[in-house]
C-alpha cells in the first residue's frame with residue numbers, strides 16, 4: 001500500500017499558501033485539504049488507469065491474461081483531508097515500490113515465495129490452485145518448484161507452475177505513481193479552487 005500526505009505547511013504549496021496557512025483555523029485548513037483531495041485522487045486514478053492499459057510484461061511473457069491489479073487499485077484508491085494534511089491511499093503492496101526498493105519475504109510459517117512461471121499459474125496463488133485447476137492435477141513440490149500434471153502428459157510427467165524462492169527484491173519504480181511535481185500541481189489547484197470559491201462567496205455577501 002502507498003500512502004502519502006500533502007499539507008499547507010509542506011514544500012508542495014506555494015509561498016502565499018504557506019503564509020495564509022499559519023493564520024487559518026483548523027477548520028479552514030481542513031477545508032483546503034479536502035479541496036485538494038479530489039484533484040489528487042483524480043490524478044492518481046488516471047495515472048493507474050493508463051498504466052493498466054500498457055503494463056502487461058509478465059502476463060505477455062507467460063502468455064497469460066492480465067490480472068487487472070492496476071485497474072482495481074485505481075478504483076479502490078481514496079483520499080481525504082483534515083486540518084493537518086490531505087492523505088491519498090493507493091491499496092496494494094506493489095505501490096510501495098514507487099518510493100523505495102521492496103524486499104518481499106514469505107509469511108510465516110511459509111519458507112518460500114511461489115512465483116508463477118506458467119500461464120496457468122499467473123494470477124492464481126497456490127492456495128487457489130485446487131479450486132481453479134479444472135482438469136489439471138494438484139500441485140506437487142518437486143525440488144524448487146510446484147508442479148502439476150496436465151492433460152495428455154505421460155505418467156510421472158509434471159509441468160512446473162511456480163518457482164519457489166526465499167525472497168524477491170523489487171527495485172524502486174517511481175513511475176508507478178504520478179510524479180512529485182504532478183501531485184504538487186494537483187494539490188495547489190485544489191486548494192486554490194477552495195480559496196477562489198470562498199472569495200466569490202465573500203464578494204456576493206458584501
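Please indicate, with yes or no, whether at least one residue in the stretch 37-52 is at pLDDT below 90, surrounded by fewer than 16 Cβ atoms within 10 Å (Cβ to Cβ), assigned by TED's automatic domain parsing to the domain that holds residue 197 and not in a loop (DSSP other than H, G, I, E, B). There is no residue in the stretch 37-52 that is at pLDDT below 90, surrounded by fewer than 16 Cβ atoms within 10 Å (Cβ to Cβ), assigned by TED's automatic domain parsing to the domain that holds residue 197 and not in a loop (DSSP other than H, G, I, E, B).
May I ask you to verify whether residue 203 is over 23 Å from residue 57 (Cβ atoms) and part of a strand (DSSP E or B)? Explain how you work it out, then say what you get.
Numbers: over 23 Å from residue 57 (Cβ atoms): yes; part of a strand (DSSP E or B): no.
For residue 203, the condition - over 23 Å from residue 57 (Cβ atoms) and part of a strand (DSSP E or B) - is not met.
Apart from one condition, residue 120 fits all of (1) closer than 18 Å to residue 59 by Cβ; (2) not in a loop (DSSP other than H, G, I, E, B); the exception is (2).
Select from the stretch 86-105 the residues that are more than 20 Å from residue 42 (Cα to Cα) and either out of contact with any helix residue (DSSP H, G or I) (no Cβ under 9 Å at 6 or more places or on another chain) or part of a strand (DSSP E or B) (or both) and list them in ascending order. Answer for the stretch 86-105, where residues must be more than 20 Å from residue 42 (Cα to Cα) and either out of contact with any helix residue (DSSP H, G or I) (no Cβ under 9 Å at 6 or more places or on another chain) or part of a strand (DSSP E or B) (or both): 93, 100, 101, 102, 103, 104, 105.
One line per residue, one yes/no per condition, for (1) more than 24 Å from the chain's Cα centre (by Cα); (2) in contact (Cβ under 8 Å) with a residue 12 or more places away in the chain:
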| position | (1), (2) |
| --- | --- |
| 113 | no, yes |
| 118 | yes, yes |
| 125 | no, no |
| 133 | yes, yes |
| 146 | yes, yes |
| 183 | no, yes |
| 188 | no, yes |
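Residues that are exposed (fewer than 12 other Cβ atoms within 10 Å of the Cβ) and at pLDDT 95 or above are absent from the stretch 153-161. Do we find a residue being surrounded by fewer than 19 Cβ atoms within 10 Å (Cβ to Cβ), assigned to a loop (DSSP other than H, G, I, E, B), at pLDDT below 90 and out of contact with any strand residue (DSSP E or B) (no Cβ under 6 Å at 6 or more places or on another chain) anywhere in the stretch 123-130? The answer is no; no qualifying residue exists.
Does any residue of the stretch 70-85 turn out to be surrounded by 14 or more Cβ atoms within 10 Å (Cβ to Cβ), more than 15 Å from the chain's Cα centre (by Cα) and part of a strand (DSSP E or B)? Looking for residues that are surrounded by 14 or more Cβ atoms within 10 Å (Cβ to Cβ), more than 15 Å from the chain's Cα centre (by Cα) and part of a strand (DSSP E or B), one finds at least one in the stretch 70-85, hence yes.
Residue 195 falls short on exactly one of the conditions (1) modelled with pLDDT of 95 or more; (2) assigned to a helix (DSSP H, G or I), and that condition is (1). Looking only at residues that are outside any helix (DSSP H, G or I) and at pLDDT below 55 in the stretch 1-36, which one is surrounded by the most Cβ atoms within 10 Å (Cβ to Cβ)? Restricting to residues being outside any helix (DSSP H, G or I) and at pLDDT below 55, the top hit is 8.
The values are calculated or read from the model by the stated rules, or taken from the named source; none is laboratory data. Everything numeric in this text was worked out from a predicted model, so none of it was measured. Neighbour counts run over all protein chains shown; Cβ positions are idealised from the backbone, glycine included.
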